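The values are calculated or read from the model by the stated rules, or taken from the named source; none is laboratory data. Predicted model only: the values in this text are computed from it and were never measured. Because the Cβ atoms are built from the backbone with ideal geometry, glycine has one as well, and the counts that use them run over all protein chains shown.
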Amino acid sequence: MTARLILLAITLTMALTLGGCDAVTALMADPKAAQRIADSKAIGSACRHGLRSIEDCYRLNEKASKAAIFDGWKEMDQYMRDNKIEGIAPTADKAPQPVEEIIDEKAADSAGKDKPGASKPKPKPADKAAR
């Protein structure tokens, strides 16, 4: 009789332990990894609310998890559809183009020799054909 009770107790303990594996792994998860996933989901949600395509969101946030970005984008899409929310168009779409500085060596050498406090040549905008 006692052997049966011990066997029943062991079986019940193992069943409860194995049943809670998801909870145990969630408690043992790295908090930094969980934060990165949460941040990526927030990025995806913001992209959807900002009327950006999922591909643009991936391109703008290359270091973030694509799967989490997609989850956040999809959740926000469903939320916006359910509540009939319109997105907000992004105001600053592209970063300013870098300015290419053209230095004329002859002019820089002669200016440096003639005037000790001569200023540097001013940067000129990049030519579109040069790209």
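In the stretch 81-100, the residues that are within 21 Å of Ser53 (Cβ to Cβ) and modelled with pLDDT of 75 or more form Cβ pairs under 7 Å with partners that are among the basic types (Lys, Arg) and assigned to a loop (DSSP other than H, G, I, E, B), at six or more places apart or across chains, as follows: Pro90/Arg52.
For the stretch 43-72, what are the residues that are assigned to a helix (DSSP H, G or I), under 11 Å from Gly87 (Cβ atoms) and of a type in the set (A, V, I, L, M)? Across the stretch 43-72, the qualifying residue is only Ala46. State all residues of the stretch 47-67 that are over 9 Å from the mean Cα position of the chain (by Cα), among the hydrophobic types (A, V, I, L, M, F, W, C) and either over 20 Å from Thr91 (Cβ atoms) or buried (at least 16 other Cβ atoms within 10 Å of the Cβ) (or both); if no residue qualifies, say none. Residues satisfying the conditions are Cys47, Ile54, Ala67.
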